[in-house]
Structures are given as C-alpha cells and as structure tokens.
1. Considering all alpha-carbon pairs of the stretch 54-381, what whole percent are spaced by more than 31 angstrom?
2. When the label point is put 7 Å from the Cα of V407 along its Cα-to-beta-carbon vector, which residues of the stretch 426-460 have a backbone N closer than 16 Å?
3. Rounded to the nearest whole Å², what accessible area per residue is found for the chain with the 1.4 Å probe?
4. Can you give the FRET efficiency for R309 and A361, using 1/(1 + (r/R0)^6), R0 = 22 Å, r = Cβ-Cβ distance, to the nearest 0.05?
5. Scanning the chain for helices, which whole DSSP H stretches are 30 Å or more long along the axis (Cα) and average -1.0 or more by Kyte-Doolittle?
6. Using the Karplus curve 6.51 cos²θ - 1.76 cosθ + 1.60 with θ = phi - 60°, work out ³J(HN,Hα) for each residue of the stretch 93-102 in order, rounded to whole Hz, and write x for Gly and Pro.
7. Using 0.36 nm times the number of residues separating D227 and A448, minus their current alpha carbon distance, what extension gain do you get?
8. Tell me, what % of the accessible area of the chain is carbon and sulfur with a 1.4 angstrom probe?
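The values are calculated or read from the model by the stated rules, or taken from the named source; none is laboratory data. This structure is a prediction, so every number in the text was calculated from the model and none was measured. Cβ: placed from backbone, ideal geometry, glycine included. Neighbour counts: every protein chain shown. The accessibility values were calculated without ligands, DNA or RNA, using every heavy atom of the protein model including side chains. Shrake-Rupley method; radii C 1.70, N 1.55, O 1.52, S 1.80 Å.
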Amino acid sequence: MNTSLLIKNGVVVNADKKRRADVYIDEGRIKEIKKSITRPAGRTIDASGCFLFPGGIDPHVHMELPVRGGHSSDTFSTGSRAALFGGTTTIIDFANQERGGTLSHALGEWMSRANGNSFCDFAFHVSITDYNDRTRREIRECVERHGVSSFKIFTAYEALRIGDADILAIMEDVAKLHAIVLAHAENGDMIERVTAKHRSHGKHEVKYHPEAHPVEAEIEATTRLVDMALHTGCALYVVHITSGEALRRLAGARKAHARRKRLPSVFAETCPQYLLLDRALYEVPGFEGAKYVCSPPLRGAADRAALWRGIEDGRIDTLATDHCPFTMKQKEWGLGDYARIPNGVPGVEHRMQLLFSEGVAKKRIKPERFVELTSTAAARVFGLYPKKGAIMPGSDGDIVIFDPEAVDRISARSHHMNCDYSVYEDLRVRGRCRTVILRGTVAVDGGALELPEGFGRYIPRVILV
Ligand code: URP
Ligand code: ZN
Ligand code: ZN
C-alpha cells in the first residue's frame with residue numbers, strides 16, 4: 001500500500017520564512033519540499049489558498065489531572081482528539097510526583113494513561129513535589145533513560161509547592177544535565193494569607209478569587225526564580241505569565257543570562273485566556289464566574305496589552321493553553337467557597353485558531369511568528385526540534401493545512417473538549433484548521449477524524465547543548 005502524501009499549492013510557513021511549495025511525505029517523514037512536485041502519491045491534497053503550518057505543539061496541558069475529588073474532565077483520549085481538531089499534533093503533559101512517591105512511578109502512571117489512548121503525539125515534563133536523595137538520582141534517570149528534558153516546580157498550591165532550598169538544589173541538578181526547569185510562579189504564602197482572611201470575613205464568592213492571587217504574588221515568585229536560575233546557571237521556563245511586570249522581569253533576566261555568555265536562558269509562556277479574557281468575568285452574578293477560575297487568574301486590560309506587546313516583540317516565547325478543564329458540575333465543588341473551585345480552563349482545541357484570528361488576521365504578528373509561538377519555540381526549548389516544530393526534509397510529517405479566510409464561531413455545542421462550556425463562547429474567529437496531518441497520516445479533514453484512538457506516540461526528547 002502506498003502511504004505517501006503529497007500536499008500541493010500551499011504556502012509553507014516556518015518560523016524564519018514562508019514560500020509557495022509542494023510537500024511530499026512518506027513513511028511519516030517529510031521527504032521533499034519543492035516549488036512543484038509531480039511524483040505520484042498514495043493521497044494528494046490541494047492546499048490552494050491555504051497556509052501549511054508545522055503541527056502545533058502545546059507544551060502545557062493537564063489531561064486527567066488528579067485533583068481533590070476527581071480528575072480534570074478530558075482524558076488523554078478526548079483531550080488529544082480535541083487537540084488534533086485544533087491543529088495541535090503534540091502535547092506535553094505533566095507527570096506529577098506524589099509526596100513520598102517517586103518520579104518513575106509518576107512517569108509510569110501518566111504513561112499508562114496516555115499510551116494506547118492518545119490520538120496525538122505526547123511527551124511529559126516531570127513535576128517534583130518531594131525532593132530528596134532518591135529524587136535527585138531519579139532526575140538523572142529521567143533524562144538519560146526516559147527522554148525527559150524538563151522538570152516542573154511549584155511555588156504555590158499547598159500539595160505541590162516546595163521551598164527555595166529544594167528549588168535551588170533541583171536547579172543545580174538540572175543545570176548539570178543541561179535540562180530545564182519549568183515553574184508555576186506565584187508566592188504561595190501571599191495566596192494562603194489572603195484566602196484565610198477571606199474565609200474569616202465570610203468572603204466566599206467567586207469574585208474574590210483574583211484578589212487571593214494578587215499580581216504581586218506572580219511578580220515576587222517570578223523575580224525570585226529568575227535570580228535563582230541566574231545563580232545556579234539553570235535554564236528556566238516560567239509557565240502561564242499573566243502580567244506585564246512579570247514579563248518585564250523575565251525579559252530583564254534573559255538579558256542578564258545572555259551577558260553571562262555560557263549560561264542558558266530564561267523563557268516565557270503565556271496562554272490565550274490571559275491575552276483575551278478580562279478579570280471582570282469573575283464578577284458575573286451567580287456562579288458563572290467559576291468557569292474562569294484558574295491560577296494565576298485573569299487580569300485587566302493593561303496586562304493584556306503588555307502581553308500582546310510581548311507576543312509581538314518576541315519577549316514571549318511560547319503560547320500554550322494550560323488546558324485543564326472541569327465541567328460545571330465539578331466547578332460546583334466550590335459552591336460556597338471559591339478556594340475549592342477546581343482551577344483550570346479548557347483551551348487545547350482553540351489555541352491556534354485564536355492566535356491566528358487575534359494575532360495574524362488582526363495584523364499584530366506575521367505568520368512566521370505565529371509558527372514560532374505555536375510550534376517551533378516549544379520544540380526547541382523542550383528538545384523536540386527538528387523532529388517536530390518545522391516543515392523541512394527529515395522532520396515528522398506533522399502539518400496543518402490552514403484556511404485563513406474561513407470564519408467560525410467558538411461554542412461548547414461544537415467543540416470536542418469534554419467540557420460543557422467554552423470560555424470563548426460565541427467568539428467569532430477568522431481562520432480554520434482544514435486538514436491536520438500527523439506523521440504523514442491525515443488525522444482530521446473537513447471536520448472528520450480519520451485516525452484511530454491510540455495513534456499518538458510517546459516522543460522521547462533530546463537535550464541539545
Ligand atoms: O489554574 C490552573 N492553571 N490549573 C492548572 C494547574 C496549573 O497551575 O497549571
Ligand atoms: Zn500552574
Ligand atoms: Zn498548568
């Protein structure tokens with residue numbers, strides 16, 4: 001059987017340039033990119049009028065995340081399927097160490113959830129919540145045996161956060177291995193103090209959630225982390241940046257790292273919800289605001305404008321989603337106490353469409369920068385490049401045929417995520433993923449899924465020193 005695929009007449013977009021070309025894929029890999037390819041193929045697709053983007057990489061998702069009382073509502077099966085509909089062909093989830101548990105156990109747990117179930121390709125960061133001698137040995141094993149090149153730490157959340165001494169030790173270990181530390185940067189003490197005050201004053205409604213996660217908590221933790229990264233010589237990637245000031249401090253630290261030539265850098269991630277949604281949504285009467293409860297919380301117009309500047313000028317490296325959906329019924333665990341509302345919003349399906357619509361179609365960024373933010377930068381930072389993150393000979397045949405003129409309205413009625421609402425309900429978006437290709441196989445075409453469950457593979461990552 002001829003499994004080759006020929007895509008004709010599209011505009012191939014990489015992070016550095018774009019050009020009109022045909023693309024020939026065989027045995028899962030891109031074999032040829034040329035102005036005109038005429039050789040026969042098992043399947044030929046005409047991409048006239050469309051961009052060809054490298055398959056999206058979402059480096060921050062939480063499928064089936066265990067939380068008090070249950071799991072985030074997308075499984076690897078439903079969430080990865082939704083990812084493919086939205087042009088994301090690779091997701092990186094987090095294998096979370098339990099306190100008292102091991103990293104290998106965490107990795108095994110997450111691997112068994114994803115393997116055989118994921119529609120798209122996947123990898124794992126490993127989250128460290130309990131640092132000790134064994135953990136330390138396991139960090140090396142994760143890198144050398146399991147293809148893990150990134151380790152997450154939290155400065156907030158009681159069950160997850162670790163202290164500065166452990167963070168410094170982890171950074172030293174990780175730096176020696178030329179891997180990278182990811183961080184959820186919020187000062188946990190500030191959050192817990194305000195939450196306790198709210199409780200004692202009977203302030204339980206959703207509208208108090210953002211007040212309990214003040215911007216100073218993010219700025220303080222970000223500043224502390226970048227200084228610790230500079231001190232230990234460790235590469236640092238701060239997830240879900242929400243504020244202009246945190247971004248400013250990250251950008252300053254990047255310059256300081258660059259001045260100390262041999263040191264690796266500091267990277268910033270933000271998510272569509274922080275670019276597009278306003279904190280006023282927490283004020284909607286009733287429990288509606290629970291839909292938007294995530295940490296850090298949504299901010300105001302000035303922060304959104306600052307984040308957009310970072311998207312435009314290159315200070316933000318990646319656009320992830322922090323996809324962590326909970327149904328309305330699950331959100332209701334926090335009825336009467338906002339601090340018990342499970343944190344997170346659905347988003348994996350609409351990342352590329354939202355950035356195209358709000359970024360490229362509104363002329364804030366060029367298609368090349370769109371590719372950098374949605375695919376190439378994540379591939380480079382997390383050791384997937386050039387297998388993923390580019391359309392070039394030798395790379396995996398992960399391609400999105402994107403129609404820039406199509407218009408959609410986002411709605412929970414039509415999305416594929418296992419969540420009974422959308423935080424972008426009724427938003428009009430320009431541009432649509434017409435065909436999504438994973439390793440040379442058509443995954444989604446014209447709104448129909450063509451892949452079997454479990455097609456997704458674990459992608460071990462390499463460290464590029
Ligand atoms: O609210 C959020 N962001 N939930 C997911 C977990 C995390 O902090 O990334
Ligand atoms: Zn987080
Ligand atoms: Zn997260």
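1. Of all Cα-Cα distances in the stretch 54-381, 27 percent exceed 31 Å.
2. Once the point is set 7 Å along Cα→Cβ of V407, 426-432 turn out to lie under 16 Å by backbone N, inside the stretch 426-460.
3. That works out to 39 Å² per residue.
4. Here the calculated transfer efficiency is 0.75.
5. Once both thresholds are applied, nothing remains.
6. Values, residue by residue: 9, 10, 8, 9, 5, 7, 4, x, x, 10 Hz.
7. Length difference between fully extended and current span is 74.8 nm.
8. Working: 8790 of 17910 Å².
Percent of accessible area from carbon and sulfur atoms in the chain: 49.
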